[in-house]
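What follows is a set of notes on a single structure, which appears directly below.
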Amino acid sequence: MEHTYLIHQANSSSDSVERMKCVAAFAVSAVASQWERTGKPFNPLLGETYELVREDLGFRLMSEQVSHHPPVSAFHAEGLNKDFMFHGSIYPKLKFWGKSVEAEPKGIITLELPKHNEAYTWTNPTCCVHNIIVGQLWIEQYGNVEVINHKTGERCSLTFKPCGLFGKELHKVEGYILDKSKKKLCALYGKWTECLYTVDPASFDAHKKTDRKNSEEKKSSKPAAPDEEAEDMPPPEAETVQVIPGSELLWRIAPAQRTTQRCTPSPHSPCS
């Protein structure tokens, strides 16, 4: 919820495509806080609640642990001026792969904009924590995320790229906003840990074609490297996103901030 300003920007726009850009950027920004969050996750008790009010960002949030086995958290946030509602459930399906653990999201997230009578839904990408036994812990997000505007039929189809063998695709996210007939209206690209840009689809496709050609030429001119498992390798240093001419910045991650929160336990909770 750190980048709630994107929801306010969506509310102030009269164009549905511009609103979709802001909502898609918010969906990407919402998973950005997971980067470097490699500590043991909080395990609330059944019925325990958590409340957060951010007057500076214009929202209040309440969440509750509604199931313990499996662990499911439900949340509801709204603008202080009742200009939006953001709600859903967090229900990760865990898979252990020896040296890594994968959390596949099962809950659906909904954003409602009453001013425009619109509702958007999506699910988060899969999150994987590597080197849980030995080595440096690091996180990647991968999979397809589809943000749907149920009023207009427009959708934003995003792909969170897996790290790959040598980490070239680490953190990358890209996709398109499509109309009801699946025509590409604009392209989005960037890194979920850093920023997100939008550009017209023709420029984006041409850039990808050129980039793919350059990569193939580099591969043919270099000797093959020995095979290595990606999860044994710590992630490379974050690169600056290569900005395509004519692009517009939608979102850039805000510096991490510490805030004061209030925990409201259930009557049976030992939390005080």
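Observations on the structure shown:
- Since only 88, 4, 53 are under comparison, the one whose Cα sits farthest along the positive direction of the charge dipole of region 1-89, derived from C-beta charges on Lys, Arg, Asp and Glu, is 88.
- Overall form of region 47-123 per C-alpha gyration tensor (a/c, 1.5; a/b vs b/c): prolate
- Once both labels are positioned 7 Å from their Cα atoms along Cα-to-Cβ, the gap between residue 42 and residue 83 label points is 2.7 nm.
- C-alpha center-to-center spacing [region 179-207, region 44-58] in angstrom: 34 Å
- Using a probe of 1.4 Å, the accessible surface attributed to residue 86 totals some 20 Å² when neighbouring protein chains are kept in position.
- Taking all protein chains as they are arranged and a probe of 1.4 Å, the heavy atoms of residue 62 leave approximately 80 Å² accessible to solvent.
- By accessible area, using a 1.4 Å probe on protein heavy atoms only, region 144-183 has 54% of its surface on carbon and sulfur.
- For region 1-66: rounded, prolate or oblate by the Cα gyration tensor [a/c cutoff 1.5]: prolate
- Solvent-accessible ranking of 150, 171, 87, largest area first, probe 1.4 Å: 150, 87, 171
- Taking 7 Å steps out from each Cα toward its Cβ at residue 180 and residue 96 produces label points 4.9 nm apart.
- Spin-label model, residue 76 to residue 8: label points 7 Å out along the Cα-to-beta-carbon direction sit 2.4 nm apart.
- Ordered by solvent-accessible area of protein heavy atoms (1.4 Å probe), largest first, the residues 182, 151, 99 come out as 182, 151, 99.
- If the segment from residue 168 to residue 60 were pulled out straight at 0.36 nm per residue, it would be longer than the present Cα-Cα gap by 35.0 nm.
- Backbone HN-Hα couplings from phi across region 198-212 [Karplus 6.51/-1.76/1.60, Hz, Gly and Pro as x]: 10, 8, 5, x, 5, 5, 5, 5, 5, 5, 5, 5, 5, 5, 5
- Two-site FRET efficiency, residue 210 against residue 240, from Cβ-Cβ distance with R₀ of 25 Å, rounded to 0.05: 0.85
- Near the amide H of residue 171, within less than 5 Å, lie the amide hydrogens of 141, all on another chain or at least 5 residues away, with H placed in the peptide plane.
The values are calculated or read from the model by the stated rules, or taken from the named source; none is laboratory data. Source: prediction; values computed, not measured. Note that we place each Cβ from the backbone using ideal geometry, even for glycine, and neighbour counts take in every protein chain shown. Only protein heavy atoms, including side chains, enter the accessible area calculation; ligands, DNA and RNA are left aside. Shrake-Rupley method; radii C 1.70, N 1.55, O 1.52, S 1.80 Å.
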